[in-house]
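Quick notes on the structure that follows.
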Amino acid sequence: MSESTLLVRGRRSHAWSAARWRDTRDGYFFILPWLLGFVIWTAGPMIASVIISFTDWRIVTTPHFVGLANFAALLQDPRIRIALFNTAYYVILGVPTHLILALVSALLLNLRLRGIAVYRTLFYLPFITPLVANALLWLWIFNTDFGLANWLLTLFHLPSVDWLQDPRAVKNAFIIMSWWTVGGQMVILLAGLQGIPQHLYEAAGIDGAGRWARFRHVTLPLLTPSLFFNLTLAMIGAFQVFVQAYVMTSGGPEDASLFYVLYLYRVAFQNFDMGYASAMAWLLFVIILIITLIQFRFANRWVYYEAELKG
């Protein structure tokens, strides 16, 4: 190989390296605002909270290192157990029913009817309504004396319910309230439904499959990626329920709606015990992380993708 050829290749390699460096530099320059925001507002506070969780810090006092004392105190705090139970109840009953209603709504709104876009918009609007506004609306709906919920019960000759005053009913009231915002999951499921190839339904129809068989063997398997995505986000969000209980019940009656994040808020911003609150936050992080990892671990047993089905 001649020296001129080597020289040309060397120049091309140098030019390619310079161009690649410029592209990398420009790429980092464009993501710099997000990167700074992540470091300052997410990664930085997370690292700080780890350090604070090992201290006794009351905001106005000097932090004192206490080691694992805050985490040990979590095991002795009876309100932690109450808050975890209330949150688990909300997650276990609320997330599946929320997901089922979102699926039913998506199936109905996937029909080709006149004015269907209007109905889709109406179903989606509660999801983008501010949480405080939703909470105030449901305060009226669950009012014992003149609320809409008890008025509907009287139509069917059923006894009225003290939705927000009865410890046995308040968590169920919050679960019912969560159904109001199925629009967010409904949109994702609707997109998944519209992404299913039509020829699969045609092939199933030729084989003699009825509506239920087409739903079971075509729609549901190909919709599992959207269901898995919604399930994961819904579980994470349900563990962090806060605004509704804070606005509507303040954790009552008798701590029946004292959800975990609400209790964390009280410890941090009412008792000003930042060390203990940081330990609580990391306990919640670990719980959510473990449950999320379990979901991903078993996802391959029930989540199917079109490419896999073709294979």
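The values are calculated or read from the model by the stated rules, or taken from the named source; none is laboratory data. This one's a predicted model, so the numbers in the text were calculated from it and none came from an experiment. Ideal geometry is used to build each Cβ from the backbone, glycine not excepted, and the neighbour counts take in all protein chains shown.
Okay, here's what the table says:
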{"read-out": "Test: residue in region 142-149 that is among the β-branched types (Val, Ile, Thr) and exposed (fewer than 15 other Cβ atoms within 10 Å of the Cβ)", "value": "yes"}
{"read-out": "Index of the failed condition, Val161 passing every other in (1) hydrophobic (A, V, I, L, M, F, W, C); (2) closer than 21 Å to Met248 by Cα; (3) more than 16 Å from the chain's Cα centre (by Cα); (4) part of a helix (DSSP H, G or I)", "value": "(4)"}
{"read-out": "Residue count for region 49-100, restricted to those that are over 30 Å from Trp180 (Cα atoms) and of a type in the set (Ser, Thr, Tyr)", "value": "5"}
{"read-out": "Odd one out for Phe38, checked against (1) hydrophobic (A, V, I, L, M, F, W, C); (2) at pLDDT 80 or above; (3) farther than 28 Å from Ala279 by Cα", "value": "(3)"}
{"read-out": "Test: Leu131 is within 17 Å of Ser257 (Cβ to Cβ), among the hydrophobic types (A, V, I, L, M, F, W, C) and surrounded by fewer than 16 Cβ atoms within 10 Å (Cβ to Cβ)", "value": "yes"}
{"read-out": "The one condition in (1) surrounded by 14 or more Cβ atoms within 10 Å (Cβ to Cβ); (2) touching a residue at least 60 places away in the same chain (Cβ under 8 Å); (3) not aromatic (Phe, Trp, Tyr) that Ser226 fails to fulfil", "value": "(2)"}
{"read-out": "Matching helices (runs of 4 or more DSSP H) fully within region 245-311 where at least 1 residues are surrounded by 13 or more Cβ atoms within 10 Å (Cβ to Cβ) and either aromatic (Phe, Trp, Tyr) or in contact with a Ser or Thr (Cβ under 9 Å, 6 or more places away or on another chain) (or both)", "value": "260-269, 274-298"}
{"read-out": "Residue among Tyr305, Tyr263 that is in contact (Cβ under 8 Å) with a residue 40 or more places away in the chain and closer than 22 Å to Asn172 by Cα", "value": "Tyr263"}
{"read-out": "Count - residues of region 55-83 that are of a type outside the set (D, E, K, R) and touching a Pro at 6+ places or on another chain (Cβ under 9 Å)", "value": "2"}
{"read-out": "Long-range neighbours under 6 Å by Cβ, at least six apart or interchain, first residue surrounded by 14 or more Cβ atoms within 10 Å (Cβ to Cβ) within region 49-73, second of a type in the set (D, E, K, R) and not in a helix (DSSP H, G or I)", "value": "Val66/Asp56"}
{"read-out": "Filtered residues of region 89-121 (kept if closer than 20 Å to Ile288 by Cα and either surrounded by fewer than 13 Cβ atoms within 10 Å (Cβ to Cβ) or not small (Gly, Ala, Ser) (or both))", "value": "Tyr89, Tyr90, Val91, Ile92, Leu93, Val95, Pro96, Thr97, His98, Leu99"}
{"read-out": "Top-ranked residue in region 137-158 [being among the aliphatic types (A, V, I, L, M) and part of a helix (DSSP H, G or I); ranked as farthest from Phe228 (Cα to Cα)]", "value": "Leu155"}
{"read-out": "Within region 198-214, tally of residues that are of a type in the set (A, V, I, L, M, F, W, C) and surrounded by fewer than 16 Cβ atoms within 10 Å (Cβ to Cβ)", "value": "4"}
{"read-out": "Residue match in region 110-121 (condition: of a type in the set (Lys, Arg) and modelled with pLDDT under 90)", "value": "yes"}
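The rows are residues; the columns are (1) in contact (Cβ under 8 Å) with a residue 40 or more places away in the chain; (2) part of a helix (DSSP H, G or I); (3) in contact with a strand residue (DSSP E or B) (Cβ under 9 Å, 6 or more places away or on another chain); (4) not charged (D, E, K, R).
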{"residue": "Arg168", "(1), (2), (3), (4)": "yes, no, no, no"}
{"residue": "Leu193", "(1), (2), (3), (4)": "yes, yes, no, yes"}
{"residue": "Ala204", "(1), (2), (3), (4)": "no, yes, no, yes"}
{"residue": "Ala213", "(1), (2), (3), (4)": "no, yes, no, yes"}
{"residue": "Val218", "(1), (2), (3), (4)": "no, yes, no, yes"}
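To keep it simple, each residue is scored yes or no on (1) within 14 Å of the chain's Cα centre (by Cα); (2) among the charged types (D, E, K, R); (3) modelled with pLDDT of 95 or more.
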site: Asn230; (1), (2), (3): yes, no, yes
site: Gly252; (1), (2), (3): no, no, no
site: Leu258; (1), (2), (3): no, no, yes
site: Leu264; (1), (2), (3): no, no, yes
site: Phe269; (1), (2), (3): no, no, no
site: Ala277; (1), (2), (3): no, no, yes
site: Leu283; (1), (2), (3): no, no, yes
site: Ile288; (1), (2), (3): yes, no, yes
site: Ile294; (1), (2), (3): no, no, yes
